[in-house]
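This report concerns only the one structure given below.
Coordinate-derived values only; no laboratory data. Just so we're clear, the structure is a prediction, and the values are computed from it rather than from any experiment. In this analysis, Cβ positions are derived from the backbone assuming ideal geometry, glycine residues included, and neighbour counts consider all displayed protein chains.
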Amino acid sequence: MPLSSALKKGSQDPYVKTIQQHLLALGYVLPRFGADGALGDETLRAYGEFLVLEKMQAPTDEQPKSISVAGAAAVERAFAALAAVAPVGKFFDERNKHPHDGRSKSQPNMKWKDVKAIVLHQTASQLGEKPERWHSVPIHFGISRLGKTIQLYDLTEVCNHAGAFNRWTIGIEIDGWFSGIDGQPNTLWQPKPPAPKRTPMTLPAAQMDAARACVKLIIDTVAANGGKITHIHPHRQSSKDRQSDPGSLIWQQVGIWAQDEFGLSDGGKTYSIDTGRPIPQAWDPRYTGNKY
Ligand SMILES: [Zn+2]
């Protein structure tokens with residue numbers, strides 16, 4: 001049911017609850033009050049983030065003071081799109097649509113038998129739902145907030161996504177900004193001012209499901225070509241500058257899930273390469289004493 005006039009701050013209305021439920025489904029957070037039907041600062045902040053992402057508001061604008069008719073319609077559309085793609089996901093093959101600038105110059109390809117592992121990343125930005133926006137990202141697969149899977153490179157292309165891991169791994173970038181440790185907003189990477197301060201995102205079910213399906217697709221495709229994926233790693237393990245990459249939420253929902261589901265290894269408690277950091281206890285309770 002569309003909104004007929006703007007909802008002002010302080011409104012108590014069943015429609016406010018609908019908007020709150022849609023924002024939660026889209027991955028925005030309402031940590032204190034949830035979908036309570038009351039239009040307060042928490043909901044307006046999440047709604048403001050939505051407007052920025054939809055390019056309906058400039059990033060430097062202040063928090064909106066009401067939900068407009070157009071804004072509510074945009075939330076409804078985004079939710080309808082989510083509902084439409086969530087059960088099946090959507091696959092976009094972009095491999096022939098960009099110049100592959102992110103491919104390694106010294107070693108552009110690997111053999112199937114040399115492909116051993118998957119590396120998980122968070123974009124720490126919002127690339128969004130248009131596949132062409134991903135063309136400059138040096139990664140094999142992107143997973144959008146609405147659960148789209150965007151393939152950018154062949155599985156045997158070596159691309160520059162994870163430093164010393166590049167020559168035997170396939171990368172998956174999960175779109176959004178996520179705390180290094182879920183529930184600890186101080187571990188969220190923040191851009192320099194005047195960019196607005198970010199609030200950590202959740203992992204929508206459609207995005208998680210698409211990321212898991214992508215892991216399975218990689219394992220199956222490598223196996224069909226005579227190779228074997230044996231490991232899954234967080235980018236953090238190969239770079240000290242990627243402490244929060246991909247963060248505990250993605251690691252637990254996708255990385256540890258893949259270990260349980262397919263018998264993959266993360267290298268173990270002390271494993272890291274190059275300047276990377278081992279997996280912390282806050283991500284995996286098996287690794288007692290490992291610092292964030
Ligand atoms: Zn990364």
- Task: Kindly express, to the nearest 10 degrees and within the range 0 to 90, the angle between helix 205-224's C-alpha long axis and the longest C-alpha principal axis of the chain.
- Result: 20 degrees
- Task: Give, in nm to one decimal, the length gained when the segment between Y271 and K113 is fully stretched (0.36 nm per residue of separation minus the Cα-Cα distance).
- Result: 54.6 nm
- Query: Considering only the chain, what is the antiparallel percent among its DSSP beta bridges, to the nearest 5?
  - Reply: 30 percent
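Which whole number in µm²/s is D for the stretch 7-85 by Stokes-Einstein, with the Kirkwood Rh taken over Cα pairs at 25 °C and 0.890 mPa s? Working shown, then result.
Working: Rh = 12.4 Å.
The calculation lands on 198 µm²/s.
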- Item | Stokes-Einstein D (µm²/s) once Rh is taken as the Kirkwood radius of the chain over alpha-carbon pairs, at 4 °C in 1.567 mPa s | 65 µm²/s
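Nearest 20 debye, what's the magnitude of the dipole of the chain about its Cα centre given +1 on Lys and Arg Cβ and -1 on Asp and Glu Cβ? Kindly include the intermediate steps, with their values, before the conclusion.
Working: 34 positive and 29 negative charges, 99 e Å.
With only Lys, Arg, Asp and Glu charged at Cβ, the dipole is about 480 debye.
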- Long-range alpha-carbon pairs in the stretch 177-292, meaning those over 19 Å apart, account in percent for 50 percent
- Would you kindly state how much longer the chain becomes between E261 and T288 on full extension, computed as 0.36 nm times their sequence separation minus their alpha carbon distance, in nm to one decimal? 7.5 nm
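With N set to the number of residues, divide the alpha-carbon radius of gyration of the stretch 90-262 by 2.2 N^0.38 Å and report two decimals. Kindly include the intermediate steps, with their values, before the conclusion.
On the way: Rg = 15.2 Å, N = 173, 2.2 N^0.38 = 15.6 Å.
Normalised by 2.2 N^0.38 Å, the Cα Rg of the stretch 90-262 equals 0.98.
Between D41 and S125, what is the FRET efficiency for a Förster distance of 30 Å, r being their Cβ-Cβ separation, to the nearest 0.05?
Numbers: r = 25 Å, r/R0 = 0.83.
E(calc), rounded to 0.05, equals 0.75.
Could you give the C-alpha radius of gyration of the stretch 247-292 expressed as a fraction of 2.2 N^0.38 Å, taking N as the number of residues it contains? Walk me through the numbers on the way to the answer.
Numbers: Rg = 10.4 Å, N = 46, 2.2 N^0.38 = 9.4 Å.
With N residues counted in the stretch 247-292, Rg over 2.2 N^0.38 Å equals 1.10.
Using Cα-Cα distances under 8 Å and only pairs 6 or more residues apart, what relative contact order does the chain have, in percent?
Details: 574 pairs, mean separation 47.9, N = 292.
For the chain, the relative contact order is 16 percent.
Could you state the per residue volume, in Å³, of the convex hull enclosing the Cα atoms of the stretch 119-210?
Values: hull volume 10.4 nm³, N = 92.
Hull volume normalised by residue count: 113 Å³.
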- What FRET efficiency do you get for A213 and Q12 if R0 is 30 Å and r is their Cβ-Cβ distance, rounded to the nearest 0.05? 0.15
- Message: Going through the cross-link list K130/K269; K111/K192; K9/K130; K148/K197; K192/K291; K65/K90, which pairs have a Cα-Cα distance over 30 Å in this structure?
- Response: K130/K269; K111/K192; K9/K130; K65/K90
- Item | Cβ-Cβ FRET estimate between M56 and E132, R0 fixed at 22 Å, reported to 0.05 | 0.60
